[in-house]
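> Structure in structure tokens, see below.
The values are calculated or read from the model by the stated rules, or taken from the named source; none is laboratory data. Nothing here was measured: the structure is a model prediction, and the numbers come from that model. With ideal geometry, Cβ positions are generated from the backbone for all residues, glycine too; neighbour counts draw on all protein chains shown.
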Amino acid sequence: MKTNAPTRRIPLARLAPVLAAGSLLTLVACGEDSTANNDQPTGTIAPPVLTPAVPTTAAPPGIEHPTGADEAVIEIIFEGGFVPADFAFRNLPLLLVSGNGSHFTQGPQIAIFPGPMLPNVLVSDIGEPGVQQLLDLAAEHGLLTQRAYERNDMIADASDTVVRISANGETYEHRAYALGMGAGVGDDSVETGDRAELQAFIDAAISTSPADAVGFEPQTFLVRATPVTDTSGYDVEPTIAEWSIEGVTLADAADCVAIPATDVQELFSTANQLTFFTEADVTYQLSVRPQLPGDLGC
């Protein structure tokens, strides 16, 4: 993901000091006139009334977008393709930027099997300048408009690269099948036209990550439970534990269930992808993802 150097905007200069200086000159001029005309009666000159500058509360200029911490402004994600249902459920964006300037990316994953149950999601704060920089980048590549992308059917079972941008009161979805693969051979692997513009935006947006990124601590986990009838076919023996979270029934989580992070954070943090759970004599394998901004949940 690209490090978005904040764009600095200089606020409008306040007019009060200028007005005050002008008023001072007026008073001096009046004083000189009264001194030169000693015959005239000396009167009292009322000081001019200055209207104080009113601080603005308007949003800074730029491209309009949702501003809520739970609203997504920019999302880049792979969708579809020939993948298992559990993999699709755990799928997370390559990049997600929320309305308050939170910047989410996938961090490095430890190269062991089985890997941790929880993904490594990193978050940093790029603020409004960072959001505007990404929206400006999207505008430069023509993405603040609806487009249809030519489909490359020479490649089978690939995923769609999807970019969603919420701005100017609309959500623009850009969906390109097998993006970056071209025809899959030789010079034909280079994208052209609108597909090239979409690829260029993605490359720039995800090229680096902010240096201050930290581990994301979600408020909610989304969980999918799949019954396992045979645990003997794995190269590594699974760990089987009793499910003991009150108020959550795995039998009811075949599609999805939302669980507060405070209830399961410790349990999931110590589990791996071959940690299974038993409930009512049924063994389940869990797919888990943190709920991110813009995710409507179960």
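> Given (1) crowded, with 17+ Cβ neighbours inside 10 Å; (2) touching a His at 6+ places or on another chain (Cβ under 9 Å); (3) within 21 Å of L96 (Cα to Cα), identify the lone condition not met by Q146.
(1)
> Right, here's the next one. Since I259 meets every condition but one in (1) part of a loop (DSSP other than H, G, I, E, B); (2) free of Cβ contacts under 8 Å to residues at least 40 places away in the same chain; (3) closer than 30 Å to I165 by Cα, which condition does it not meet?
Result: I259 passes all but (1).
> Name every residue in region 237-268 that is hydroxyl-bearing (S, T, Y), at pLDDT 95 or above and in contact with a Leu (Cβ under 9 Å, 6 or more places away or on another chain), in order of residue number.
Listed by number, the list holds a single entry, T239.
> Within region 279-298, can you find the residues that are within 25 Å of I165 (Cβ to Cβ) and charged (D, E, K, R)?
R289, D295 - these are the residues of region 279-298 that are within 25 Å of I165 (Cβ to Cβ) and charged (D, E, K, R).
> I would also like to ask the following. What number of residues within region 206-227 satisfy the criterion of being surrounded by fewer than 17 Cβ atoms within 10 Å (Cβ to Cβ) and of a type in the set (D, E, K, R)?
Count: 2.
> Would you be able to tell me the number of residues in region 60-107 that are surrounded by fewer than 19 Cβ atoms within 10 Å (Cβ to Cβ), assigned to a strand (DSSP E or B) and not aliphatic (A, V, I, L, M)?
Summing the residues that are surrounded by fewer than 19 Cβ atoms within 10 Å (Cβ to Cβ), assigned to a strand (DSSP E or B) and not aliphatic (A, V, I, L, M) in region 60-107 gives 3.
> Then there's this: Got a sec? Which of P119, P129, P114 is surrounded by fewer than 18 Cβ atoms within 10 Å (Cβ to Cβ), modelled with pLDDT of 95 or more and under 27 Å from D235 (Cα atoms)?
Within the list P119, P129, P114, the selection yields P119.
Condition check ((1) touching a residue at least 12 places away in the same chain (Cβ under 8 Å); (2) not charged (D, E, K, R)) across all residues:
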| site | (1), (2) |
| --- | --- |
| T220 | yes, yes |
| S244 | no, yes |
| D281 | no, no |
| L292 | yes, yes |
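> Identify the single condition in (1) exposed (fewer than 15 other Cβ atoms within 10 Å of the Cβ); (2) modelled with pLDDT of 95 or more that A271 does not satisfy, given that it satisfies every other one.
(1)
> I'd like the residue in region 182-205 that is crowded, with 16+ Cβ neighbours inside 10 Å and assigned to a loop (DSSP other than H, G, I, E, B) and, out of all such residues, is modelled with the lowest pLDDT.
G182
> Taking S159 and the conditions (1) under 30 Å from T249 (Cβ atoms); (2) small (G, A, S); (3) under 22 Å from the mean Cα position of the chain (by Cα); (4) surrounded by 12 or more Cβ atoms within 10 Å (Cβ to Cβ), which numbered condition does it fall short on, given that it satisfies the others?
Of everything listed in (1) under 30 Å from T249 (Cβ atoms); (2) small (G, A, S); (3) under 22 Å from the mean Cα position of the chain (by Cα); (4) surrounded by 12 or more Cβ atoms within 10 Å (Cβ to Cβ), S159 misses just condition (1).
> For the subset of region 227-254 comprising residues that are in contact with a helix residue (DSSP H, G or I) (Cβ under 9 Å, 6 or more places away or on another chain), part of a loop (DSSP other than H, G, I, E, B) and not polar (S, T, N, Q), which member is farthest from L296 (Cα to Cα)?
W243
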